[in-house]
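Just below is one structure, and these are the notes that go with it.
The values are calculated or read from the model by the stated rules, or taken from the named source; none is laboratory data. Remember, it's a predicted structure, so these values are computed and weren't measured experimentally. We place every Cβ from the backbone using ideal geometry, glycine too, and count neighbours over all the protein chains shown. When the accessible area is computed, the model is the full protein with side chains, heavy atoms only, and any ligands, DNA or RNA have been set aside. Shrake-Rupley method; radii C 1.70, N 1.55, O 1.52, S 1.80 Å.
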Amino acid sequence: MLIGGAEDKLKDRVILKRFVDLAGGASGHIVVVSTASSLGEEATEFYRILFQQMGAGRVSVLRPLTRDEANNPEVAVVLADATGVFLTGGNQLRLSSVVGGTTLGASLLDAHERGVVIAGTSAGASAASTHMMAFGTSGATPKHRMAQVSAGLGLLKGVVVDQHFEQRTRLGRLLAVVAQSPSLIGLGLDEDTAAIVYPDETLEVIGRGAGTIVDGSEVVTDAFHTKGHRPVMVSGATLHSLPAGCRFDLKTRELLATAEHEPPRRARVRESVRGRLRRMSRELAAEGADSFVVERRRRTDREASE
């Protein structure tokens, strides 16, 4: 599970609920790895309490800050019966440089091979793949030297992941990386959005935003002779913008048909009532300040419903 960061932790918690369910729920054992975070034990304890409140059977924590600590044999013991692993956000370069090639790194790969669900949010998502977006600059236009790629933890092969994608305007650097390495699939994830990659290498998007896939199979570029920090010519790249419910095959690089599920009537009614309450609260707040605001909103809502 690759999460674009800033996942909902207080309301519906769609992404975190799916993770806890996939990790076995009340019979599961979740291990939180918070090496990437600069918030120290605060972040570790936050996720531990959160997952316990969400019904996880057991929650353990690991926070190695040096390679010596990551090589401690005890980390393998903690992960031996894990059913889910959660990599927190923070700094992906810290995570990969401390954990990669250590006992903990090997234990994560072993856990992945035996079917343990591994989720990473923000930095944890970027570090999960073989090729990691280490750092870079924002912007919609791809430019030379816009991004630095390094080795990740190796859980997901052939994909480079970027997070906070829409919110921090990171399309340019993902295009630049894929143009330079067309064999890689670029995956950009908005905040509160996750891509679940299944064993058959199909991907499902869940959450509030969208996942952007960049396929460079047919790309044409001048990246190999562009100098300095100048814009890079990228032509022929295929972009897929996939909101919640969409599925994609990473092997064939094709969009998969998505079955449309009719929501239960009770859920629709509940949402309709909630929507009316939200609308009324907005109108009450606007009333008196500008009567035309209320009328415009009512007209917009009617047109949207039609």
Selection from segment 17-58 of residues closer than 22 Å to VAL99 by Cβ and polar (S, T, N, Q) yields SER34, THR35, SER37, SER38, THR44
Does VAL232 satisfy being surrounded by 11 or more Cβ atoms within 10 Å (Cβ to Cβ), modelled with pLDDT of 90 or more, under 30 Å from GLN148 (Cα atoms) and in contact with a Pro (Cβ under 6 Å, 6 or more places away or on another chain)? yes
Reported set for segment 193-218 where residues are under 12 Å from VAL160 (Cβ atoms) and either without any contact (Cβ under 8 Å) to a residue 24 or more places away in the chain or in a loop (DSSP other than H, G, I, E, B) (or both) is GLY216
Given (1) at pLDDT 60 or above; (2) within 26 Å of the chain's Cα centre (by Cα); (3) open to solvent by 100 Å² or more (accessible area, probe 1.4 Å), index of the condition HIS225 fails: (2)
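Residue by residue, here is whether (1) modelled with pLDDT of 50 or more; (2) assigned to a loop (DSSP other than H, G, I, E, B); (3) open to solvent by less than 80 Å² (accessible area, probe 1.4 Å) holds:
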residue: SER241; (1), (2), (3): yes, no, no
residue: LEU255; (1), (2), (3): yes, no, no
residue: SER272; (1), (2), (3): yes, no, yes
residue: SER281; (1), (2), (3): no, no, yes
Can you find a residue in segment 17-37 that is at pLDDT below 95 and touching a strand residue (DSSP E or B) at 6+ places or on another chain (Cβ under 6 Å)? no
Is there any pair with a first residue in segment 83-106 that is in contact (Cβ under 8 Å) with a residue 40 or more places away in the chain and farther than 20 Å from ASP162 by Cβ and a second that is assigned to a strand (DSSP E or B) and β-branched (Val, Ile, Thr) whose Cβ atoms are under 6 Å apart and which are 6 or more apart or on different chains, and what are they? GLY84/ILE30; GLY84/VAL117; VAL85/VAL31; VAL85/ILE118
